[in-house]
Amino acid sequence: MKRYCVPLLLTVLLAAWPAMDARGQAETAQAHVAAAKAAVSPTGASAQPWHAFDSAFNQMCAEPKPGAQPPAVGHDVPLEPGEAAKLTPTPREKWYAPPAKVFDNLYYIGTKTESTWALTTSDGIILINTNFDWVTPQLLDELHTFNLDPANIKYAVIVRSHSDQSWGINALKKAVPSVRVIMSQGDWDFLANDNSPARVKPVKDMVAKDGQKVTLGDTTVTLYSTPGASAANLSIVFPVQDGGQRHLAAMIGGTTMNLVQGGVQVFPDTQTMIKTYLASAKRFKEIEDKAGVDTIVSIHGALDNMFAKIDALHARKPGDPHPFVSKDAVNRFSTIVIECAEAKLAWAGGK
């Protein structure tokens with residue numbers, strides 16, 4: 001009987017291996033979720049409630065349901081001719097947010113959910129993202145609140161080809177024909193072949209290169225390739241001014257993962273998508289650390305508690321720190337992005 005013990009033991013172990021492996025993956029994922037959760041709340045004597053990132057954690061660290069695929073962006077099937085008419089604009093009362101001067105050279109003119117920013121320089125304006133096409137003209141009008149002229153927009157940096165960042169390109173071009181629009185090659189290619197909304201496709205303009213510096217007057221914006229949220233999205237670093245103090249802001253070009261965009265599968269599989277996103281997130285954190293980034297500017301206001309920070313800015317007293325400036329917040333936000341991606345990779349069975 002002894003000669004059967006070893007094969008029998010191996011059979012039992014092999015049968016148990018998938019369950020053991022799945023348990024190990026779940027434990028690994030939960031360890032990363034715990035690390036992300038620990039980064040949600042601000043620390044130290046200067047901690048403020050607007051530097052908490054509950055929304056970012058809840059969005060990025062949500063465990064996928066068994067068998068679920070990453071969400072699609074836009075329509076997951078092509079629209080037939082004429083169907084674009086069904087894409088009705090969101091009523092103004094549901095998207096409108098008051099514009100705000102956030103730094104001496106940076107203005108928020110976005111909506112309640114989608115961020116659009118105007119970065120002023122000594123030689124004109126750099127727009128960051130255009131938003132939806134039906135909103136863009138109204139957002140440009142908000143510049144007049146600050147005695148800024150939309151005609152002075154010289155560049156528009158589009159961090160990714162998602163509808164809420166890129167659909168307004170044509171509306172911007174119509175309002176300011178001379179503006180130069182900058183986007184990655186991959187995202188220009190996507191928009192050229194996008195089969196979701198039957199809108200007029202934008203004409204390709206400037207192609208962003210990794211590490212490219214876009215200088216306008218006294219201001220330089222540096223572009224970095226950080227694929228993941230789209231197959232070729234960008235993240236950016238740029239200077240902001242608060243009185244006599246200079247700070248460095250960063251916008252991570254994507255905090256979601258989308259296997260399908262506009263009816264097109266943009267990554268070969270889920271694990272490739274997550275690994276690509278994770279590598280980009282880690283690389284951009286290194287860039288932030290090396291550059292000394294101390295300010296977060298998000299593509300979606302809820303992610304970094306932006307509107308609470310704007311409220312704090314309005315109540316700011318002379319000598320108070322700027323609510324948007326916090327190196328601790330920058331580090332914790334990056335930690336949440338990375339740790340939640342690690343958790344998603346473990347849930348997907350990756351290493």
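The values are calculated or read from the model by the stated rules, or taken from the named source; none is laboratory data. Quick caveat, the model's predicted, so the values are computed rather than measured. Here the Cβ is made from the backbone with ideal geometry for all residues, glycine too, and neighbour counts use every protein chain on show. Surface accessibility is based on the protein's heavy atoms, side chains included, excluding ligands, DNA and RNA. Shrake-Rupley method; radii C 1.70, N 1.55, O 1.52, S 1.80 Å.
Key figures
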read-out	value
Amide hydrogen neighbours beyond the local backbone of Val181, cut-off 5 Å, H modeled	Ala156, Met206
Residues of the stretch 108-206: accessible area per residue with a 1.4 Å probe, Å²	36
With DNA, RNA and ligands ignored, accessible area of His314 (1.4 Å probe; Å², nearest 10)	130
DSSP H segments from the chain that extend 18 Å or more along their own axis, Cα-based, with Kyte-Doolittle mean of 0.5 or above	5-38
Estimated Rh, the stretch 201-351: Kirkwood, alpha-carbon pairs, angstrom	16.9
Rg in Å to one decimal, and Dmax rounded to a whole Å, for the stretch 158-288 via C-alpha atoms	15.5, 49
Under 5 Å, built H, 5+ apart or other chain: amide partners of Ile125	Ile153, Lys154, Tyr155
Accessible area of the chain belonging to carbon and sulfur atoms, whole % at 1.4 Å probe	57
Arg246 accessible area, assembled protein chains, probe 1.4 Å, Å²	150
Equivalent-ellipsoid semi-axes of the chain, from the Cα gyration tensor, Å, largest first	39, 26, 17
Ranking by accessible area, most exposed first, for Met183, Met206 with a 1.4 Å probe	Met206, Met183
Lys285, Lys201, ranked by accessible area, largest first (probe 1.4 Å)	Lys201, Lys285
Probe 1.4 Å, accessible area per residue of the stretch 231-274, Å²	31
Summed side-chain charge close to Met257 - residues other than Met257 whose Cβ falls under 13 Å, Lys, Arg +1, Asp, Glu -1	+1
Heavy-atom SASA rank of Lys101, Lys317 (probe 1.4 Å, accessible area, largest first)	Lys317, Lys101
Thr226 accessible area, 1.4 Å probe, all protein chains in place, Å² to nearest 10	10
